[in-house]
Amino acid sequence: MRNMVLSQIGAEALRERILPDMEETCQKALVDWSTKESLDVKKATSSVIFDFTAKLLFGFEPEKNMSERFSYIFQGLLSFPLNIPGTVFHKCLKNQKMGLKLMKDLMDERRAMPEKHRGDFLDQILDGMKTESFMSDDFAVFAMFAILLASFEILSSSLTLALVFLTEQPMVVKELQKEHQEILQNRERREGGVTWKEYKSMNFTMQVVNESLRMLNVGPGIMRRAIKDIHVNGYTIPEGWTIVIAQSALQLNPETYDDPLSFNPWRWKNLEPTVVAKSFIPFGGGARMCAGADFTKAFIAVFLHHLISKYSWEKVKGGEIIRSPVIGFGDGFYIKIRSK
């Protein structure tokens, strides 16, 4: 399953086919947002990313505001399981049912019309069901649902976090402007889009992305299951137990990161790769590292390229960061975007 996802949104897919569509999506969104008096960044980015991801993975054009209904699901995943009207958990289950039905309908429609084959994730799922016994209809529907939910919700929250931090850090914005102006000046075709080479040259931009991810992870932790007894410092974690790894314990450790509560992208210039590998795990690590890591970083970088190069923005209100237990933004984070 992980290999299927990587083939659709991994580094190779980004380089070969996704980057231009990703850039077009960001450009259209920013043009639209610049006409508004203000916008809630989390809601606006959720809608754009949900629509882009749904079309990319399933060839599906979502109806308006569908991303909000999926967001309710994410908010209720770790809520108190009280299933009565008015509770977060009840709203979560209601929208989960809607989401699963949508995935089932998409799968049935594609199965009934093989001429619509697009080579996307949905087609890969259907092809896999022909050869893999574990891939039942229910498994496929839940896999589609989970991947769509995780991809848009985590990315939109990460992008919003980056903008919250940047709004309070004019020196960081100035350094970003310098980097992206150099990219534009060195571009062979002025009217051309971001190339893979240009994306890979966005060193300071990636430091900003990493610092945002280091400061606050969207989820409260990473869950893993012990496949055998694990002995740590005189304690035993029994086989079958669930382990929750709190990334903040590593990523806010003052022994690794000087002044860990300060947003400082420049710190990444001097961090050793071995230190980063052991103490920076926003997407997990090892063989089960999140397959959407490259997709998330690329989208944020391309979005920042156009925002920094062509627009300015100012905070209107909000920006309070809360955890309940996933990252949220209280009453929202509203900004005004202006074309330069």
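All of the numbers you see were taken from the coordinates with simple rules; none came from a lab. Treat the numbers as computed from the prediction; the structure is a model and nothing was measured. FYI the Cβ positions are ideal-geometry reconstructions off the backbone, even for glycines, and counts take in every protein chain you see.
Under a GNM of the chain (C-alpha, springs under 10 Å), which listed residue has the highest mean-square fluctuation: ILE237, ILE49, ILE222? Sorting by GNM fluctuation, first place goes to ILE237. For the chain, adding -39500 (n - 2.57) for each run of n ≥ 4 DSSP H residues and dividing by the number of residues yields -17500 deg cm²/dmol at 222 nm. Kirkwood radius and radius of gyration were both taken over the C-alpha atoms of the range 1-93, and their ratio Rg/Rh is 1.06. Of MET66, MET22, the sequence from fewest to most neighbouring Cβ atoms within 10 angstrom is MET66, MET22.
Cα-based Rg of the chain per 2.2 N^0.38 Å, rounded to two decimals?
1.03
Scanning the chain for chymotrypsin sites (Phe, Trp or Tyr not before Pro) lying in DSSP loops with no more than 12 further Cβ atoms inside 10 Å, the longest uninterrupted stretch between such sites is 1-133. Of the GluC sites (Glu not before Pro) found in the range 31-73, those in coil by DSSP whose Cβ has at most 16 other Cβ atoms within 10 Å are GLU37, GLU63. Straight-line reach from LYS116: taking Cα to Cα under 15 Å and skipping same-chain neighbours fewer than 8 places apart, the aspartates and glutamates in range are GLU61, ASP105, ASP108, ASP127. What the Cα atoms of the range 204-276 give is an Rg and a Dmax of 15.3, 43 Å.
Going by C-beta contacts inside 10 Å, put SER133, SER201, SER339 in order with the fewest on the left.
Working: SER133 6, SER201 15, SER339 10.
Result, fewest neighbours first: SER133, SER339, SER201.
Pairs of lysines in the range 135-291 whose Cα atoms sit within less than 26 Å of one another amount to 11, provided the residues are eight or more positions apart or on different chains.
Using the Cβ-Cβ distance between GLU168 and GLU255 with R0 set to 25 Å, the FRET efficiency works out to roughly 0.45. The Cα trace of the range 51-150 gives Rg and Dmax of 14.6, 45 Å, the first to one decimal, the second as a whole number. Just checking the listed ones, ASP120, ASP21, ASP229: in the Gaussian network model of the chain with Cα springs under 10 Å, the one fluctuating most is ASP229.
With the cut-off at 28 Å, report for the range 142-278 the share of all Cα pairs above it, as a whole percent. The proportion of pairs with Cα distances above 28 Å equals 36 percent. Springs between Cα atoms under 10 Å define the GNM used for the chain, and in it the highest mean-square fluctuation of SER151, SER279, SER324 occurs at SER324.
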